[in-house]
Each structure stands twice: as C-alpha cells, then as structure tokens.
Amino acid sequence: MSGGRRKDGKPFKDGNTREDGSYAVGKNRAPPGSRFAVGDGRKRGRRKKGVKNADTEFQRELDRKMVIKENGIERTVTKSQAVDLRLIDNATRKGDNKAIEMVDQRRQRIAEAAEINRRRHTLSDQTILEAYLQERAADLAIDPALFGDPEPGDSGDE
C-alpha cells in the first residue's frame, strides 16, 4: 500500500508508511529496533540521582566553617581561609620556600587582575568620552583634529 505524502508533496518511500498513511520511520520516529523498551524510564547519559558534581562538592567543603585556635583564642573560619592561613604561616614563620613561592604567585595574580580591571574601566571610560566629544564636536566648536582622526579628505599637511 502506498499512501500519504510529505509536506513538500512528494510521496513517502515505499514500505515506510503506516496504515493511517503517515510515515513509519523518519523525523521523531526511530526504527523499532533502536527504540527504548516500553516502561524503561532510565535517563541515559546523565548522572545518577544523588550523585553530585565533584567541583561543586569540593567548593562546598571549602566553604564549610571550622574552629581554629590561634594564641589560645578560638576563632571560626571557613576551611578555605584556614588553608590560606596555613600557607601564609608556613611561608612567614617556617620559611618554607614552596609556600613562599605560592604566596608570591597569588599576590602577583591578584595584582595583575586588579591592574587589568582598572585598565579595562579606564579604556572604556576613555572611549565613551571620545565618542561623545566626536558627536558633539561641531556643537562645542572643537577641532576634530584634536581627537587624532583627521576629517575625510584632509591629508593633515597644511
């Protein structure tokens, strides 16, 4: 039985039609051999229920609070802060070269990030001001050559 037509008007391939005239295998209709078994509710390709992301668990553990004792005084800090305190303590009091290198690298990384952030804000502010002044140059009677962009047709030689 040949029946049914595709949206473009062409007939379905012979043997690929169902009794109601629609196609049997195609878009959103997998071949019967590769379909999931009826009632098989497993979610394939995903983590099993209750299994957490390792990075999330690690971060959660670093954020947990703990009590430390400094000079006989108890203090509550996060585990991440405790690691930082131990690292700095090893670098300063014990003179551990590896700890000193790690502290220095972290200081440099923080300083570089701050400088990049400062430079980014400065550059964006500067471009905003230059664009505004270029738009308003005629109204404010400012020579456009002051901005470093010569006017079209102007060679700059006088």
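Bear in mind these aren't lab numbers, they're just calculated from the coordinates by the rules spelled out. This one's a predicted model, so the numbers in the text were calculated from it and none came from an experiment. Because the Cβ atoms are built from the backbone with ideal geometry, glycine has one as well, and the counts that use them run over all protein chains shown.
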> Highest mean first, what order results for 76-82, 64-70 on Cβ atoms within 10 Å?
Replying inline: 76-82, 64-70
> Within a Cβ distance under 14 Å of residue 115, other residues only, what is the Lys/Arg minus Asp/Glu net charge?
Replying inline: +4
>> Nothing charged except the Cβ atoms of Lys and Arg (+1) and of Asp and Glu (-1): what's the magnitude of the dipole of the range 61-139 about its Cα centre? Round to the nearest 20 debye.
In response: 520
